[in-house]
1. Sorted from largest down, give the three principal axis spans of the alpha carbons of the range 1-123, whole angstrom values.
2. Under the rule that an exposed site lies in a DSSP loop and has at most 11 other Cβ atoms within 10 Å, name the longest stretch of the chain with no GluC sites (Glu not before Pro) of that kind, not counting the sites themselves.
3. By how many degrees, between 0 and 90 and to the nearest 10, does the Cα long axis of helix 117-145 differ from the longest principal axis of the chain?
4. Once phi is turned into θ = phi - 60°, what whole-Hz ³J(HN,Hα) does the Karplus curve with 6.51, -1.76 and 1.60 give for every residue of the range 4-17, x standing for Gly and Pro?
5. With 5 Å bins from zero, work out the P(r) of the range 62-126 over every alpha carbon pair and list the percent per bin.
6. In whole Hz, with x marking every Gly and Pro, tabulate ³J(HN,Hα) for the range 67-77 from phi via Karplus 6.51 cos²θ - 1.76 cosθ + 1.60, θ = phi - 60°.
7. I need the calculated FRET efficiency for the pair W16 and H81, taking r as the beta carbon distance and R₀ as 22 Å, to the nearest 0.05.
8. Taking a virtual spin label 7 Å from the Cα of V53 along the C-beta vector, which residues in the range 1-18 bring their backbone nitrogen under 18 Å of it?
Amino acid sequence: MMPEHANNYGNVHGGWIVKIADEAAAISAMRHARRPAVTVAIDSMSFKSPVKVGALMSISASVNWVGHASMEIGVKVTAEHPITGEVTHTNSAYFVFVALGDDGKPCEVPDLELVDDEERRRFQAGAERQQRRRSGANERQRDVLAL
Ligand SMILES: CC(C)(COP(=O)(O)OP(=O)(O)OC[C@H]1O[C@@H](n2cnc3c(N)ncnc32)[C@H](O)[C@@H]1OP(=O)(O)O)[C@@H](O)C(=O)NCCC(=O)NCCS
């Protein structure tokens, strides 16, 4: 991370972290769907530790769950101190992407091949989060509109 990514405190700006996490999630979604995909929701974005300028940032993204056109991608961000090698888990988030067909409308994505219990657990947890997202979406929208 370079000085142009920093805020006034010398830490990497949170918006920059969200941007590159979104890009990593997008690549993960598109590689699964083999279609263009757009972000439809971001949640549980956590900022556990600051990322310092000079740190080597790494992002891991994986598809946790798929519906018809939507996919939940889990993203984990780590920062490595290039001299000491110390690695810190700095951020996590869930991104929901929707695959788009040639007509620009949501299109079906392939099923996930779940190969072990851990993948099955993540899929189930993703399905439950998506259900909560969808049931909470109208209420959240109302609260935003009330501002
Ligand atoms: C993504 C988009 C095409 C979806 O259109 P839509 O009319 O809401 O489509 P649908 O209602 O059919 O929903 C499509 C899927 O998205 C899911 N979805 C829609 N809104 C969601 C939300 N807020 N949270 C989670 N999932 C959501 C639906 O559950 C559905 O999933 P499924 O197909 O797996 O069952 C439209 O919302 C859009 O263009 N959004 C803007 C995207 C964008 O500009 N992103 C930023 C830049 S990449």
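Here, each number is a calculation from the coordinates, and none is a lab measurement. Bear in mind that the values here come from a model prediction, so they are computed numbers and not experimental data. Note that each Cβ is placed from the backbone with ideal geometry, even for glycine, and that neighbours are counted across all protein chains shown.
1. That gives 44, 35, 21 Å along the principal axes, largest extent first.
2. Value returned for the longest uninterrupted segment is 1-85.
3. 90
4. 5, 8, 8, 8, 5, 9, x, 9, 5, 4, x, x, 5, 5
5. 4, 16, 19, 17, 14, 12, 9, 6, 3, 1, 0
6. Karplus values, whole Hz, x for Gly and Pro: x, 8, 10, 9, 9, 9, 10, x, 10, 10, 10.
7. 0.75
8. 1-17
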